[in-house]
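Q: A single structure is presented below for examination.
The values are calculated or read from the model by the stated rules, or taken from the named source; none is laboratory data. Note that the structure is a prediction, hence the values are computed from the model and not measured. All Cβ positions, even for glycine, are placed from backbone atoms using ideal geometry, and neighbour counts span all protein chains on display. Accessible surface areas use protein heavy atoms only, side chains included; no ligands, DNA or RNA. Shrake-Rupley method; radii C 1.70, N 1.55, O 1.52, S 1.80 Å.
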Amino acid sequence: MKNRTVVVGLGATGRAIASSLLRRADVEIVEAADRDPRVVGHDLGVLLGGVANGAVVVSAPADLPAADLAIVATVSDLDRAADVLLPLLERSYNVLSICEELAHPWRSRPDLARRLDDTAKAHGVTVLGSGANPGVLMDTLPLLLTALTQRVESVRIRRRTNMSRYGAILSKFGLGLTAREFTTARSRGEVVGHHGFEQAIGALAAGLGWDLDAVDVGRVEPAVVTTGSSERSRSSTSVPPWASIPSSAPSRRRSTPPPRSSRRVPVS
């Protein structure tokens, strides 16, 4: 028996998810939703470069048919995502979302987390936020690796990411901007950096049984390199605050670590 599935959001990640699901024998994508008028009305299979599968793209999640699962690949901000998540739960979809702030939201968004949880329970369904991070790389994987130890006193995680396939969301990292352009874009809220550090830290701490006093996430700052004597210095992809920047690497964006203090920092 196939799981009837709908996909909400056909950006780069949504399309990658849909393409993967179309190859599975246990999943049937019955429809998809995206607000881009250029894709509305198209057959999903054809849109993804394959053969027609009868799943038509509609303009709003409210127009989707009944299904077992809704995969939501839209925004990182939970307040905005909830406007889509809650109506889907109320229609008795199980919901899986790539919204970073939905992954372990109990500390960062306790009231909204409770509302989502209560709504899912009231309609006999589930809601889960997951992805590469939060979801695996900076919470589940390091937690799994602690099984090799007898005692964990602190955790440090370094991550390096190939951003070449991230598509439209690259703008939020400030790629390719000069330092001045970066500062201006950040002040306008156009450069925000990576969502999900707080949720990944919270999930990892919870798995370790740690009760954290606070989670400090510094604001996004540019790390600038010069690509040539005749070219301007530019910023680029996201790296954690402790990551090194090889001289041959493209310029990149980083989050500033919080000021050091005398208190113990168990997760960084």
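Q: Under the rule of at least 5 residues apart or a separate chain, name every residue whose amide H is placed under 5 Å from the amide H of VAL58.
A: The list, which skips near neighbours in sequence, is ALA32, ALA33, ASP34, GLY41.
Q: For the stretch 108-172, with only Lys/Arg (+1) and Asp/Glu (-1) charged at the beta-carbon, what is the dipole magnitude about the Cα centre, in debye rounded to 20?
A: Dipole about the Cα centre, nearest 20: 320 debye.
Q: Sorted by packing (mean other beta-carbon atoms within 10 Å per residue), highest first, where do 3-13, 49-59, 175-185 land?
A: 3-13, 175-185, 49-59
Q: Return a whole-number percent for the relative contact order of the stretch 122-230, with Cα pairs under 8 Å and 6 or more residues apart as the contact set.
A: After rounding, I find 31 percent.
Q: Give me the 1.4 Å probe accessible area per residue for the stretch 60-105, excluding ligands and nucleic acids, in Å².
A: Per residue, the stretch 60-105 has 37 Å² of solvent-accessible surface.
Q: Same structure, new question: Quick one: which residues, 5+ away or cross-chain, put their amide H under 5 Å from the amide H of VAL155? H built at 1.01 Å from N.
A: VAL267, SER268
Q: When the Karplus curve 6.51 cos²θ - 1.76 cosθ + 1.60 is applied with θ = phi - 60°, which whole-Hz ³J(HN,Hα) does each residue of the stretch 195-204 get, with x for Gly and Pro?
A: 8, x, 4, 4, 5, 5, 5, x, 5, 5
Q: List every residue whose amide H lies under 5 Å from the amide H of VAL27, counting only residues 5 or more places away in sequence or on a different chain, with H placed 1.01 Å from N in the peptide plane.
A: ASN3
Q: Still on this structure, I have one more. Given the C-alpha centroids of the stretch 79-93 and the stretch 144-203, what is the distance between them in whole angstrom?
A: The stretch 79-93 and the stretch 144-203 have Cα centres spaced 26 Å from each other.
Q: Let me ask something additional. For the stretch 18-103, compute Rg over Rh where Rg is the Cα radius of gyration and Rh is the Kirkwood radius from the inverse mean 1/r over Cα pairs.
A: Radius of gyration over Kirkwood radius for the stretch 18-103 works out to 0.95.
Q: For PHE173, PHE197, what's the largest-to-smallest order of accessible area, 1.4 Å probe?
A: Result, largest first: PHE197, PHE173.
Q: Sticking with this one: Identify, among SER154, TYR166, VAL125, the residue whose Cα sits farthest towards the positive end of the charge dipole of the stretch 91-233, taking +1 on the Cβ of Lys and Arg and -1 on the Cβ of Asp and Glu, with the dipole about the Cα centre.
A: Value computed over the given set: TYR166.
Q: Let me ask another. For the stretch 136-218, report the accessible area per residue in Å² (1.4 Å probe, heavy atoms, rounded to an integer).
A: Per residue, the stretch 136-218 has 63 Å² of solvent-accessible surface.
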